[in-house]
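This report concerns only the one structure given below.
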Amino acid sequence: MNPLPTGRLFGTETGVDLVLTRTFRAPAEDVWASLTESERTARWFGPWTGESGPGRTIKVQMVFEEGQGWMDVRIDDCAPPRLLKLSTVDEVGVWLLTIEVSEVDGVTELKLVHHREKREGAGEIGPGWEYYLDMLVASREGKALPSFDDYYPAQQEYYETLAVSE
């Protein structure tokens, strides 16, 4: 498998936004459930525990990562089934994420935005998000899950040389 990278970088007042999208022939509520219900996130990212809601922190297990560790994820904002803002803090630093879900005529677009202070690191981060979003697609379609080896380092150069749009 040779998945093509799709991410884009946009300049912001505080840095850059790495933006990736996926489209589904499904209602927004069903796509939202794939993002927010633990038994469904377990299929493509990892299960989570805790009490969810804006201002609360849940624990997410990274089952597709080496060591299958857990991380804290704070829910900064949540407006089902349209908007989810999350932040994580780990050894790599703070990650600020926005997920927007919109539906038109039974087709739902998911837009993942990773807010960054600088573009450095995009060569590692971009392929990771491509992989996870394709994991989401495969899990929803009942297909075999992709291998991370198809994304990294194959997509690294694309993201390292990606031009920043205004």
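The values are calculated or read from the model by the stated rules, or taken from the named source; none is laboratory data. In this text, all values refer to a predicted model and were calculated from it rather than measured experimentally. We work out accessible area using only protein heavy atoms, side chains counted, and drop any ligands, DNA or RNA first. Shrake-Rupley method; radii C 1.70, N 1.55, O 1.52, S 1.80 Å.
Here are a few things to note about the model shown:
- Rolling a 1.4 Å probe over the protein heavy atoms leaves Arg40 with an accessible area of roughly 40 Å².
- Gained length - Asp77 relative to Glu124, 0.36 nm times residue gap less alpha-carbon distance: 14.3 nm
- Remark: the Glu91-Asp150 segment gains 18.7 nm on full extension, using 0.36 nm per residue and subtracting the alpha carbon distance.
- Ordered by solvent-accessible area of protein heavy atoms (1.4 Å probe), largest first, the residues Met135, Met71 come out as Met71, Met135.
- Residue-level accessible surface for Ser147, protein heavy atoms, 1.4 Å, Å²: 50 Å²
- Area of Tyr158 that stays accessible when all protein chains are in place (1.4 Å probe, Å², to 10): 80 Å²
- Structure-derived P(r) over Cα pairs in 10 Å bins from 0, in percent: which label, when the choices are [x] 9, 29, 24, 23, 13, 2; [y] 10, 31, 25, 12, 8, 6, 5, 2, 1, 0; [z] 10, 38, 41, 11, 0: [z]
- Contour minus Cα-Cα distance for Met1 and Asp30 (0.36 nm per residue): 7.7 nm
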